[in-house]
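Student: One structure follows; several queries about it will come next.
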Amino acid sequence: MTQRVVILGGGTGGTLAANRLRRMFPADEMQLTVVDQDDRHVYQPGLLFVPFGLTHPEDIVRPRRRQLHRGIDFRQTAVDRVEIGDEQVHLADGTVLDYDVLVVATGAVLVPEETEGLTGPGWMEKVFTFYTPEGAGALEGALATFDGGRIVVNVVDMPIKCPVAPLEFLFLADWYFQERGIRDRVELTYATPLDGAFTKPVASDQLGSMLAEKGIELVTEFNTGEVDGEGGRLVSYDGREVPFDLAVVVPLHGGAPYVGRSPGLGDELNFVPADERTLQAKAAPNVFVIGDASSVPASKAGSVTHFEGDTIVENIRRHLAGEPLEPGFDGHANCFIETGFHKALLIDFNYQTEPLGGHYPGAVGLPLLKESRLNHLGKLMFQWFYWHSLLPGREVPGIGSTMPTAGKVAAPTPTGED
Ligand SMILES: Cc1cc2nc3c(=O)[nH]c(=O)nc-3n(C[C@H](O)[C@H](O)[C@H](O)COP(=O)(O)OP(=O)(O)OC[C@H]3O[C@@H](n4cnc5c(N)ncnc54)[C@H](O)[C@@H]3O)c2cc1C
């Protein structure tokens with residue numbers, strides 16, 4: 001019997017899951033349909049570089065359809081809702097898709113309108129976000145003409161995609177203004193809801209020290225209640241204010257709105273609860289979740305989405321074969337952190353383990369928790385890897401659902417040139 005697998009979302013997770021399933025199952029055993037609302041696949045890590053003129057929006061976008069292997073049906077329309085009980089997906093164009101297995105891969109959406117004033121006066125004039133191609137492009141123009149004053153980078157609340165990206169933005173801004181010879185005229189501030197620079201204590205200490213060394217002010221436990229674009233102020237719920245001439249805001253994130261219209265599928269933020277190790281949705285045994293769409297306590301990152309790929313594909317196979325699921329995903333995440341001056345750090349961690357020193361993925365490899373040129377080259381090369389290996393679903397030895405322990409050392413190594 002041909003199994004019908006419907007994948008909602010044709011971004012990082014939906015594309016790699018579809019391509020891996022197509023390799024595993026011939027077309028007469030599995031019919032694969034991917035649904036996405038548009039045909040613009042954005043390489044989102046590239047958005048960080050756009051404001052600094054280091055890449056351009058058109059260089060990081062490709063058609064979605066072309067990233068899918070032959071034999072995968074692509075539907076370009078929005079998902080309206082899922083009826084779990086009927087095992088059906090209702091699309092905005094009126095089509096109804098029946099499924100045997102559903103994969104939710106619709107990621108996270110930005111909801112800037114949820115923060116008072118954020119999209120009001122000053123939005124896209126002196127209040128920006130680099131989390132969208134349009135925002136990153138507009139910010140490039142604003143930075144190019146900025147000749148002094150106070151820039152604040154603000155995360156409104158967690159969770160956000162790529163929690164290190166705001167820090168990378170600040171490190172690159174420090175470098176950018178030094179290159180332009182006006183760093184002494186620019187004050188850089190990071191206002192975060194966290195109690196430190198990052199979520200993981202070891203990395204947080206190191207990144208906090210780097211902010212201090214670069215003369216970047218850190219304002220912690222700042223829960224933004226209002227963005228006053230006209231007056232140039234961020235106001236927190238406890239009444240603190242951070243003034244700015246230019247604000248770079250990472251808005252609140254939520255799951256896709258259709259999740260809220262799908263009885264039993266999501267939580268109050270429209271993220272989809274799932275078992276954190278098998279990635280099976282709590283809603284039904286034939287529903288699986290990959291990537292930012294889920295509420296599992298892993299980082300919302302492309303690397304996590306990639307590492308989840310092994311587990312989700314294997315568990316779909318097991319589910320269809322009537323076998324017990326594999327608790328294969330351990331929360332494995334890794335992130336390159338651009339630090340400017342052609343250097344980057346790399347961190348690697350999972351649900352249980354803090355970022356460790358040593359090397360990745362084995363005893364010989366990229367240095368962990370250390371600034372190096374090699375890591376910067378790794379970050380740049382990642383775009384090629386994304387289009388040509390990660391999305392097509394190629395197996396990469398040593399990289400998968402569990403964090404490798406070879407090459408790691410328990411104590412973090414100090415920051416230094418590798
Ligand atoms: C600025 C920035 C920098 C980043 N840097 C890094 C990095 O350095 N390293 C890293 O690992 N990760 C990084 N990320 C995060 C990474 O890009 C995401 O975690 C990853 O893309 C998640 O994949 P996904 O498949 O869950 O979601 P996406 O790739 O976002 O795909 C979701 C898809 O669902 C579709 N969709 C949503 N709703 C509907 C609907 N109703 N109907 C139809 N389709 C719908 C969307 O159009 C989209 O194509 C970064 C993200 C940003 C924004």
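The values are calculated or read from the model by the stated rules, or taken from the named source; none is laboratory data. Nothing here was measured: the structure is a model prediction, and the numbers come from that model. No Cβ is skipped: glycine too gets one built from the backbone with ideal geometry, and neighbour counts run over all protein chains shown. Areas reflect the complete protein model, heavy atoms only, side chains present, ligands, DNA and RNA absent. Shrake-Rupley method; radii C 1.70, N 1.55, O 1.52, S 1.80 Å.
Student: More than 37 Å apart: what percent of Cα pairs in the chain qualify?
Tutor: Tail of the P(r) past 37 Å holds 23 percent of the pairs.
Student: Here is a follow-up. In Å and whole numbers, how far do the C-alpha atoms of segment 333-384 stretch along each principal axis, longest first?
Tutor: Its Cα atoms span 31, 21, 20 Å along the three principal axes.
Student: Let me ask something else. For F52, F171, what's the largest-to-smallest order of accessible area, 1.4 Å probe?
Tutor: Descending order: F52, F171.
Student: With all protein chains present, calculate the accessible area of Y190 using a 1.4 Å probe and round the result to the nearest 10 Å².
Tutor: Taking all protein chains as shown, Y190 has close to 10 Å².
Student: In the neighborhood of K300, defined by Cβ-to-Cβ distances under 10 Å, what is the net charge if each Lys or Arg adds +1 and each Asp or Glu adds -1?
Tutor: Computed value for this residue: 0.
Student: Going by alpha carbons, how many degrees (0 to 90, nearest 10) lie between the helix axis of 201-213 and the longest principal axis of the chain?
Tutor: 30 degrees
Student: Further question on the same structure: Quick one: net charge around Q88, please, counting Lys, Arg +1 and Asp, Glu -1 for every other residue with C-beta under 10 Å from its C-beta.
Tutor: Result for the neighbourhood of Q88: -3.
Student: How would M24, M403 line up by accessible area, probe 1.4 Å, largest first?
Tutor: Ranking M24, M403 by accessible area, largest first, yields M24, M403.
Student: A follow-up question, please. Report H388's accessible area, 1.4 Å probe, all protein chains in place, as a number in Å² to the nearest 10.
Tutor: 70 Å²
Student: Now a separate question. Relative to the compact-globule scaling 2.2 N^0.38 Å, provide the ratio for the alpha-carbon radius of gyration of segment 143-229.
Tutor: For segment 143-229, the normalised Cα radius of gyration is 1.08.
Student: With every protein chain kept in place and ligands, DNA and RNA left out, what is the accessible area per residue of segment 72-156? Probe 1.4 Å, answer in Å².
Tutor: Computed with neighbouring chains in place, this is 39 Å² per residue.
Student: Would you work out if segment 136-188 is rounded, prolate or oblate? Take a ≥ b ≥ c from the square roots of the eigenvalues of the alpha-carbon gyration tensor; rounded if a/c is under 1.5, else prolate when a/b is larger than b/c, oblate otherwise.
Tutor: Prolate.
Student: Follow-up question, since we're still on this one. When you have a sec, figure out the Kirkwood radius of segment 208-307 from all distinct Cα pair distances and drop it here in Å to one decimal?
Tutor: After inverting the mean inverse Cα-Cα distance, the result is 16.6 Å.
Student: Please report the net charge: other residues with Cβ closer than 13 Å to the Cβ of R261, K and R +1, D and E -1.
Tutor: -1
Student: Could you name the lysines in cross-link range of K379, using Cα to Cα under 22 Å and dropping any fewer than eight places away on the same chain?
Tutor: Reachable lysines: K161, K200, K214, K300, K343, K370, K408.
Student: Using a 1.4 Å probe over the heavy atoms of the protein chains, calculate the carbon and sulfur portion of the accessible area of segment 54-184 as a whole percent.
Tutor: Answer for segment 54-184: carbon and sulfur cover 44 percent of the accessible area.
Student: Using DSSP loop states and a limit of at most 13 other Cβ atoms within 10 Å to flag trypsin sites (Lys or Arg not before Pro), what is the longest stretch of the chain containing no flagged site?
Tutor: Longest gap between qualifying sites, sites excluded: 71-393.
Student: Only helical DSSP H runs with n ≥ 4 go in: add -39500 (n - 2.57) per run for the chain, normalise by residue count and round the 222 nm mean residue ellipticity to 500 deg cm²/dmol.
Tutor: -7000 deg cm²/dmol, from helical runs alone.
Student: While we're on this one: Suppose the Debye formula is applied to equal point scatterers at every Cα of segment 21-140; what is log10 I(q)/I(0) at q = 0.18, 0.20 Å⁻¹?
Tutor: At q = 0.18, 0.20 Å⁻¹ the computed log10 ratios are -1.05, -1.14.
Student: When the Karplus curve 6.51 cos²θ - 1.76 cosθ + 1.60 is applied with θ = phi - 60°, which whole-Hz ³J(HN,Hα) does each residue of segment 50-56 get, with x for Gly and Pro?
Tutor: Karplus-based 3J(HN,Hα) across segment 50-56 equals 4, x, 9, x, 8, 8, 10 Hz.
Student: Top to bottom by accessible area (1.4 Å), largest first, where do H319, H342, H376 land?
Tutor: H342, H319, H376
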